[in-house]
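Engineer: I am attaching a structure below and will ask some questions about it afterwards.
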Amino acid sequence: ISTENGAHWTALYAISYQDFLRYAKWPLVGLGLTVLLALLVGWWINRWYRLQIVQPAQRAQQRLFEGEAFNRVMMDNAPVGLSVVRREDHEVLLENQRAREWQGTAELIKSLNLDEVSATPDEVWLEVAGRHLQACFVATRYQGEDVLLCGFNDITQHVDTAQTMDEARR
């Protein structure tokens with residue numbers, strides 16, 4: 001502030017903390033309660049999201065992984081040969097240890113008319129590469145593709161035994 005003759009004046013206004021807090025007490029209390037309420041609501045939303053969304057998704061994912069691992073173990077240890085064959089080009093996508101040991105899956109697939117396979121299991125008995133096989137197959141889906149699940153059991157020994165028994169009977 002200055003006067004007409006050019007003298008400068010300085011004005012100081014002092015307020016004590018006590019006066020300030022008395023004046024701003026309710027706005028500060030409201031602000032503190034708002035912050036506290038926002039923190040509580042954020043915590044509650046986070047907890048609800050974890051309990052209702054994240055944990056069920058984690059449990060479902062864990063069940064999916066366990067189911068996949070169980071199916072792989074079951075397929076690999078099945079007492080019959082199992083193969084998953086793409087319907088489009090008859091390519092073998094997956095086969096278990098028994099099917100790999102036999103090494104005749106491609107010949108078996110060529111000998112079957114797989115274009116007419118339905119969603120209900122079909123069963124055939126045939127001879128492939130000098131071996132008698134009992135084969136069953138069903139149409140299904142695997143990893144987003146139309147596939148055939150083929151199972152086969154080598155019954156050559158049973159057929160040979162039955163023929164031997166028939167010859168012995170004769």
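The values are calculated or read from the model by the stated rules, or taken from the named source; none is laboratory data. Being a predicted model, the structure only gives us computed values, none of them experimental. Positions of Cβ are backbone-derived with ideal geometry, glycine not excepted, and every protein chain shown enters the neighbour counts. What goes into the accessible areas is simple: the full protein's heavy atoms, side chains included, and nothing from ligands, DNA or RNA. Shrake-Rupley method; radii C 1.70, N 1.55, O 1.52, S 1.80 Å.
Engineer: Could you count how many residues in segment 95-117 are open to solvent by 20 Å² or more (accessible area, probe 1.4 Å), assigned to a helix (DSSP H, G or I) and at pLDDT 75 or above? Walk me through how you get there before you give the answer.
Structural biologist: So in segment 95-117, the residues open to solvent by 20 Å² or more (accessible area, probe 1.4 Å) come out as 95, 97-98, 100-103, 106-107, 110-113, 115-116.
Checking which are assigned to a helix (DSSP H, G or I) leaves us with 97-98, 100-102, 106-107, 110-111, 115-116.
Cutting the leftovers down to at pLDDT 75 or above gives us 97-98, 100-101.
Matching residues across segment 95-117 total 4.
Engineer: If the requirement is being modelled with pLDDT under 95, in a helix (DSSP H, G or I) and not aromatic (Phe, Trp, Tyr), which of these qualifies: 61, 18, 55?
Structural biologist: From the options 61, 18, 55, the qualifying one is 18.
Engineer: Filter segment 45-84 down to residues that are closer than 27 Å to residue 108 by Cα and polar (S, T, N, Q) and give me whichever is surrounded by the most Cβ atoms within 10 Å (Cβ to Cβ).
Structural biologist: 83
Engineer: If you don't mind, another one. Search segment 80-93 for residues that are part of a loop (DSSP other than H, G, I, E, B) and pair each with any residue that is small (Gly, Ala, Ser) when their beta-carbon atoms are under 9 Å apart and the residues are at least 6 apart or on different chains.
Structural biologist: Within 9 Å, the pairs are 80/99; 80/151; 87/139; 90/106.
Engineer: Something else about it: Does at least one position in segment 123-140 carry a residue that is charged (D, E, K, R) and touching a Lys or Arg at 6+ places or on another chain (Cβ under 7 Å)? Write out each step before concluding.
Structural biologist: First, the residues of segment 123-140 that are charged (D, E, K, R): 123, 127, 131.
In the following step, the residues that additionally are touching a Lys or Arg at 6+ places or on another chain (Cβ under 7 Å) were identified as none.
No: segment 123-140 contains no residue that is charged (D, E, K, R) and touching a Lys or Arg at 6+ places or on another chain (Cβ under 7 Å).
Engineer: Tell me which strands (runs of 3 or more DSSP E) are completely within segment 118-170 and hold 3 or more residues being at pLDDT 85 or above and in contact with a strand residue (DSSP E or B) (Cβ under 9 Å, 6 or more places away or on another chain), or say none if there are none. Let's see the steps before the verdict.
Structural biologist: Working: elements: 122-128, 131-142, 145-154.
The strands (runs of 3 or more DSSP E) meeting that bar are 131-142, 145-154.
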